[in-house]
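**Student:** Just passing along the structure, written as structure tokens.
All of the numbers you see were taken from the coordinates with simple rules; none came from a lab. Given the structure is predicted, the values throughout are model-derived calculations rather than measurements. Because the Cβ atoms are built from the backbone with ideal geometry, glycine has one as well, and the counts that use them run over all protein chains shown.
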Amino acid sequence: MNNIAILVENLNYKIGEKEILKNINFKIKKGEFVGIIGPNGAGKSTLIKIIVGEIKNYTGQISVNGKIGYLPQVQTINREVPINALQFAKMGAYKKKVSKEQISTLLKNVGLAGKERQLVGTMSGGELQRLSLARALLYNPDILILDEPEAGVDQMGKARFYELLYKVKEKKNLTILMISHDIGMVFEKCTSVMCLNKTLHCHGPTEKIKPDELKILFPDFDLWLRAKNHYEREHENGDI
Ligand SMILES: Nc1ncnc2c1ncn2[C@@H]1O[C@H](COP(=O)(O)OP(=O)(O)OP(=O)(O)O)[C@@H](O)[C@H]1O
């Protein structure tokens, strides 16, 4: 288990008579950046909720080696609560004492320098996403789990965020598990891919997943190709 971050064995989960996840088995090694893809209703969020401990009535074994930092979707964050970026980030520290300077440095590292006093409700999707990352990092996780970080974030914000994630992963030797609907971005940034649709259809290093395997899962595969071409056009000058 030493070099394994997450081990899932014989996982099954039902809601009533409906099978949501069926016989899921996989290992994620430390330091991997894994993208979970699959159609709507495939069970991706359910799998993550099981790994982070939100859902408990499954059968099978889940072993997690390290502390998990969890980033829910931006849309689930309540923008009505009148708190500023500093207060929001500080919640990630739980009971640990952190100084304002520590948080300010972290905000700077995620590209939010000087935004300490800005109300969370007035932030863009991209800013809120990076603020959530700062909050999760304050907890010093070994494993970061993200549910659709691109939701509510524009294409450039998304590319910047994935680039930032990759840098943080390298610097802190994190393992990342991320649900995404942006197949193009997953193939650009992740080291491996998991294709889920109730069962695990394919799992392996990004370069070893064959387009034919994805075509079976995604009727709108052509859309992905268009998204990929768009991404390449936007990045032809090497900008992030
Ligand atoms: N509380 C619930 N009661 C009944 N069915 C549920 C419940 N939560 C999830 N489901 C069903 O479980 C299945 C998997 O849902 P889940 O949210 O994990 O899928 P997903 O792959 O994350 O989908 P999406 O990409 O649309 O977010 C879906 O068919 C969904 O309708």
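**Student:** For the chain, what does the helix formula give at 222 nm: sum of -39500 (n - 2.57) over DSSP H segments with n ≥ 4, over the residue count, nearest 500 deg cm²/dmol?
**Tutor:** Per the formula, -10500 deg cm²/dmol.
**Student:** A further question on this structure: With 10 angstrom as the radius, rank K97, K169 by how many other C-beta atoms surround their C-beta, starting from the fewest.
**Tutor:** Values: K97 6, K169 18.
The fewest-first ordering by Cβ neighbours comes to K97, K169.
**Student:** Follow-up. Please sort 200-210, 106-116, 148-158, 9-19 by packing, taking for each peptide the average over its residues of neighbouring beta carbons within 10 angstrom, highest first. Each step should come with its number before you reach the end.
**Tutor:** Values: 200-210: 14.7, 106-116: 16.8, 148-158: 19.1, 9-19: 12.1.
Those peptides, ordered most packed to least, come out 148-158, 106-116, 200-210, 9-19.
**Student:** Same structure again: Using the structure shown, list the pairs from K44/K97; K29/K171; K44/K96; K29/K100; K30/K56 with a Cα-Cα distance above 26 Å, or answer none.
**Tutor:** Where the Cα-Cα span goes over 26 Å, the pairs concerned are K44/K97; K44/K96; K29/K100.
**Student:** Moving to a separate point now. Determine, for each peptide in 177-187, 36-46, the mean count of other beta carbons within 10 angstrom over its residues, then list the peptides with the highest first.
**Tutor:** In descending order of packing, they fall as 177-187, 36-46.
**Student:** Which helices, taking whole DSSP H runs in the chain, have alpha carbons extending 15 angstrom or more along the helix axis plus mean Kyte-Doolittle at least -1.0? Don't jump to the answer; show the numbers that get you there.
**Tutor:** Numbers: long enough: 125-138 (20 Å, 0.36); 155-172 (25 Å, -1.07); 221-234 (20 Å, -1.44).
Those that clear 15 Å and a mean of -1.0 are 125-138.
**Student:** Another question, then. Consider just the alpha-carbon atoms of the chain and return their Rg together with their Dmax, both in angstrom.
**Tutor:** Radius of gyration, then largest Cα-Cα span, for the chain: 18.0, 52 Å.
**Student:** What does the net charge come to around N84 if you take all other residues with beta carbon closer than 13 Å to its beta carbon, with K and R at +1 and D and E at -1?
**Tutor:** With Lys, Arg at +1 and Asp, Glu at -1, the net is +4.
**Student:** Just rank L128, L119, fewest to most, by other beta-carbon atoms within 10 angstrom. Don't jump to the answer; show the numbers that get you there.
**Tutor:** Details: L128 22, L119 14.
Ordered by Cβ neighbours within 10 Å, fewest first: L119, L128.
**Student:** If you find the alpha carbon centre of region 84-143 and of region 177-196, how far apart are they in angstrom?
**Tutor:** Measuring centre to centre over Cα atoms gives 25 Å.
**Student:** Quick one: grab the alpha carbon gyration tensor of region 36-178, order the square roots of its eigenvalues as a ≥ b ≥ c, and give me rounded if a/c is under 1.5, else prolate or oblate depending on whether a/b is larger than b/c. Could the numbers behind the result be given before it?
**Tutor:** Details: a/c = 1.65, a/b = 1.41, b/c = 1.17.
Judged from the Cα gyration tensor, region 36-178 comes out prolate (a/c at least 1.5, a/b above b/c).
**Student:** Sticking with this structure for a sec: Starting from the Cα-Cα distance between E54 and N78, subtract it from 0.36 nm times their residue separation and give me the gain in nm to one decimal. Can you show the working numbers first?
**Tutor:** Details: separation 24, 0.36 × 24 = 8.64 nm, distance 1.92 nm.
Length difference between fully extended and current span is 6.7 nm.
**Student:** Where does the charge balance sit around I6 when Lys and Arg score +1, Asp and Glu -1, over other residues with C-beta under 10 Å from its C-beta?
**Tutor:** So the environment of I6 carries a net charge of +2.
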